[in-house]
Structure formats: structure tokens, C-alpha cells
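Student: First, the structure itself, so that you have it in front of you.
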Amino acid sequence: MQFEFKVEKKDKKSKARAGIILTPHGKIETPCFSPVATKASVKALDTFDLEKCKTQIILANTYHLFLSPGLEVIEKFKGIQKFMNFSGPTITDSGGYQISFLWKRKENKALFLKITNLGAYFRSYIDGEMYLLSPEKSIEIQHVLSADIVMALDQPMGFGFSKKENEEAFRRTLLWEERSLKAWDKFKRKSLAGNFQALFGIVQGQLDKKRRIQSLKFVLSNDFSGIAIGGESIGKDPILTSTTLDSISHLLPDKKPVHALGLGGGPEGVFLAIEKGIDIFDNSSVTRMARSGLVFIFPEDGGNTKNKFRIDIKKSKYAKEKKSISKVCLCFTCQNFSKAYIRHLIVSKEILGARLATIHNVSFYHQLLGKIRSAIINNEFVYLKNYWLL
Ligand SMILES: [Zn+2]
């Protein structure tokens, strides 16, 4: 099997759609949330936990895995799936986000040296060795990591860049995308494990409508397998994300899946992005928040846009609470443990606390996406959205 995307049902009142992505490692029902496994691990969970949470796909980071454990190790396993014993589909990013974000942070100047049209020069934070992350190198690394979906190298805009820097980043991304396509062809569009790898082009442009459209048209005019939407404006603020997606959602085709890179904004951000045509997204804050005791709740538990559908389990009011985090959640944590126990674990910094809270948050997102998918199929998306957000 290669790679295929089929839209099963479209919402009549918005761009929301339910579909199926077929990959060499199985199918993904969309819309779908992908937990982030930065260093080939969704922090605090093993792959059996992920199975329990009904995780369909995970996203790992090229930059981090290249530096540690390094390609020699991953090569031995013919990819991250076997390395981490995860049987489902996987995605890798291109490393573009890390080079852009970390380069801009002043304290990392010693590690991130220079970005030119050739690529990004940086030093390993482990041994100080210098590397060049070019589009060709990024595809080569991703070929070895062997994920089902890989990304073209981009230089995300934003992060406090000047107008001139943003303009340069925009033009550079177009150049790098072309070179990523050529490198993909050089590897015959296959992973080291011998499976087809789908290459997604990246849409940049921040809030600049003209640039976003130009960037999307470029991706659509080339033979990319899918579309990834990146940049700082697809981040924390749901309204900003929605505005950004608004400018291009009417141009998104039925034939290609659309991935939002690092889509934040909690459940509200999820609804607003899906109604603009997003099929899949990753977000590392879902698991990061769990580790700090911020756990999600459903509307039936009192979750709303004001409390961002979450509670801080560290609060003393939960110290003696026998009930689970959510009365409607079907996850392993909610079926077996009280708020008081999870609070105690998190406050005492017991590693089990991180695991149980992460199982809940990841499972919460999968349940939310499952509800959204069913609602789209049953023509009830707007009804469900209003139930959650109004
Ligand atoms: Zn739960």
C-alpha cells in the first residue's frame, strides 16, 4: 500500500470533513490528533499506553533524533517504528521549526550559527559538532527515520523576526521545498524500511493573506502528497489560527490531507481549525500540560471556553476528592483513579502522576476528535461545536 486520502463526508455548513488516510502502517481516521513523540517517545507513555489511548499516529522530531540517538542507531532498526516498537503510522517534521525557533532565541546563538539559502548551520548541544541542515539532509534523515509522512524543510516565519527576515524566510521556504521534492525523488519516495513515504509541502505566510495563498498555490502546483500548515500564527490563540486558516481554506483540495503543525488553542482551537478544513494536527502542549497537572474536562464536567476545558489538579480543593478527573471520560486513568490520588502524585512529583495524567489528556483529545468525526458523518458538526463552545 502506498498513500491515499479519501474524504468520506463533508459538513454542509463549513469546511469540516471526515476522511481516511491510508498508509503503509495502517489507516488513520480523520480528523485526527497526533501526540508528539519528540525523541521517539510520547513523554511518560510507552507504546502499549498509546494503544490503550487509541492513538492512531504519532509525530517525532527530525532535529532531536538526528542528534540523539543518531542515524547509526536508527539505521540498525530500519526506522523509528521498530526502534520504539510502535506499529501504527508515524510522521516526522523536517527540523525547520527547531532551527527557526531556537536560532532566534538569543541564548542559543552559540548553537545556531547561521541560516543561508544552502541550509541552517548549527552545533550539536551534545558534543558541539557543527552540522548543516539542508533540505537534502532533512529528507535523508527522514528517509532513515522511515516515518509514513515526512515534511519538506521550511523556515517558519514569526518568532519576532523583522519584516526583512520574514520575507527572506518566505522565499527560502519555497526554494527549500523544491529541493526537498528532488531529494525525495532521489530516494525513490521510499523509506529505509522500503515503504512509500508521503511528502507534505509546507504553507507559510503568517497572517499575510497574499503570502499564504501564494505559498499554498506553490504547494498545490507541485507533486506533494499532502499539505502542512505552519508558522507561529497556527499556535496558541484559536481566533488567530482561525483567521489565518480563513484566508486559504476555500483553496484546500479534497484530494490531499491537510496537517496543522503544532495546533494549539485547546478544544476551542480544534473546533475552529477543523471547520476550516484541517484533517490532522499535532500539539506537544497536550502532554506537557498533563505533566504539570493541567488536565482536560468535558462540558459534562463543567468544561467551557472560559476555563479552557481544563482544571489544575494541583489545587488543594482536590486533595480529598474521590471522583475521577471526568465522569464521562473512558480512559484508563478515569476508570481507575481518583482526583485525590493523581493530585498527590503530581504534587509529590511521582513519575506515575505524569503517566496517568498524560494517558487522560491524550485520551481526552482522541475522544474529542472521535466525537467530532461522528458529528461530521451525521451532519451534526455545528450542533456539537455549539454544544462545546457556546
Ligand atoms: Zn480520563
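Student: If a paramagnetic tag sat 7 Å from the Cα of residue 251 along the Cα-Cβ line, which residues of the range 172-186 would have the backbone N under 16 Å from that point?
Tutor: 173-175
Student: Give, as ranges by residue number, the residues of the range 316-330 whose backbone N falls under 15 Å from the point 7 Å along Cα→Cβ of residue 304.
Tutor: Once the point is set 7 Å along Cα→Cβ of residue 304, nothing inside the range 316-330 turns out to lie under 15 Å by backbone N.
Student: Calculate, for residue 315 and residue 8, the FRET efficiency according to 1/(1 + (r/R0)^6) with r their C-beta to C-beta distance and R0 41 Å; round to the nearest 0.05.
Tutor: For R0 = 41 Å, the calculated efficiency reads 0.45.
Student: Among DSSP beta bridges lying fully in the range 8-126, give the percent that are antiparallel, nearest 5.
Tutor: Numbers: 10 of 14 bridges.
The antiparallel proportion sits near 70 percent.
Student: Determine by what factor the alpha-carbon radius of gyration of the chain differs from 2.2 N^0.38 Å, reporting the quotient. Display every interim value, and only then the final one.
Tutor: Details: Rg = 20.4 Å, N = 390, 2.2 N^0.38 = 21.2 Å.
Rg over 2.2 N^0.38 Å, computed on Cα atoms: 0.96.
Student: With θ set to phi - 60°, apply the Karplus curve 6.51 cos²θ - 1.76 cosθ + 1.60 along the range 325-341 and write out the HN-Hα couplings as whole Hz, x wherever there is a Gly or Pro.
Tutor: Computed from phi, the couplings for the range 325-341 are 4, 9, 7, 10, 5, 9, 6, 4, 5, 5, 6, 10, 10, 8, 4, 4, 5 Hz.
Student: Over 20 Å, how big is the tail of the calculated P(r) for the range 1-56, in percent of all Cα pairs?
Tutor: On the way: 624 of 1540 pairs.
Considering the range 1-56, 41 percent of its Cα-Cα pairs are separated by more than 20 Å.
Student: Let me ask another. Extending each Cα 7 Å along its Cβ direction at residue 214 and residue 125, get the distance between those two points in nm, one decimal.
Tutor: 3.4
Student: What is the spin-label model distance, in nm, from residue 52 to residue 132 if the labels are put 7 Å beyond Cα along the C-beta direction?
Tutor: Label-label distance for residue 52 and residue 132, simple model: 4.8 nm.
Student: Sticking with this structure for a sec: State, as an integer percentage, the relative contact order of the range 165-229 based on alpha-carbon contacts under 8 Å between residues 6 or more apart.
Tutor: 31
Student: What ³J(HN,Hα) values, in whole Hz, does the Karplus curve 6.51 cos²θ - 1.76 cosθ + 1.60 give for the range 303-316 when θ = phi - 60°, with x put for Gly and Pro?
Tutor: Using θ = phi - 60°, the values come out as x, 8, 5, 5, 8, 6, 6, 8, 10, 9, 5, 6, 4, 5 Hz.
Student: Right, something else. Report, by chain and number, residues whose modeled amide H sits under 5 Å from the one on residue 60, excluding near sequence neighbours (fewer than 5 apart, same chain).
Tutor: Hits under the 5 Å cutoff: 37, 91, 92, 93.
Student: Moving to a separate point now. If the reach is capped at under 21 angstrom between alpha carbons, list the lysines near residue 327, excluding any in the same chain fewer than eight residues apart.
Tutor: 52, 54, 306, 308, 314, 315, 317, 339, 371, 385
Student: Using Cα pairs closer than 8 Å and at least 6 residues apart in sequence, work out the relative contact order for the chain, in percent.
Tutor: Numbers: 812 pairs, mean separation 67.4, N = 390.
Reported relative contact order: 17 percent.
Student: Just how large is the dipole of the chain about the Cα centre, in debye to the nearest 20, putting +1 at every Lys and Arg Cβ and -1 at every Asp and Glu Cβ? Walk me through the intermediate numbers first.
Tutor: Values: 60 positive and 39 negative charges, 183 e Å.
Charge dipole of the chain: 880 debye, to the nearest 20.
Student: Give the Kirkwood hydrodynamic radius (Å, one decimal) of the range 275-390, defined as one over the mean of 1/r across all pairs of different Cα atoms.
Tutor: Value: 14.8 Å, from the Cα pair sum.
Student: Which value, in Å², gives the accessible area per residue of the chain when a 1.4 Å probe is used on the protein heavy atoms?
Tutor: 43
Student: Where Rh denotes the Kirkwood radius from the mean inverse Cα pair distance, what is Rg over Rh for the range 6-113?
Tutor: Ratio of gyration radius to Kirkwood radius: 1.06.
Student: Sticking with this structure for a sec: Please give the net charge around residue 369, taking every other residue with its beta carbon less than 11 angstrom from that of residue 369, where Lys and Arg add +1 and Asp and Glu add -1.
Tutor: Neighbourhood net charge equals +1.
The values are calculated or read from the model by the stated rules, or taken from the named source; none is laboratory data. As the structure is a computational prediction, the values presented were derived from the model and not from experiment. All Cβ positions, even for glycine, are placed from backbone atoms using ideal geometry, and neighbour counts span all protein chains on display. What goes into the accessible areas is simple: the full protein's heavy atoms, side chains included, and nothing from ligands, DNA or RNA. Shrake-Rupley method; radii C 1.70, N 1.55, O 1.52, S 1.80 Å.
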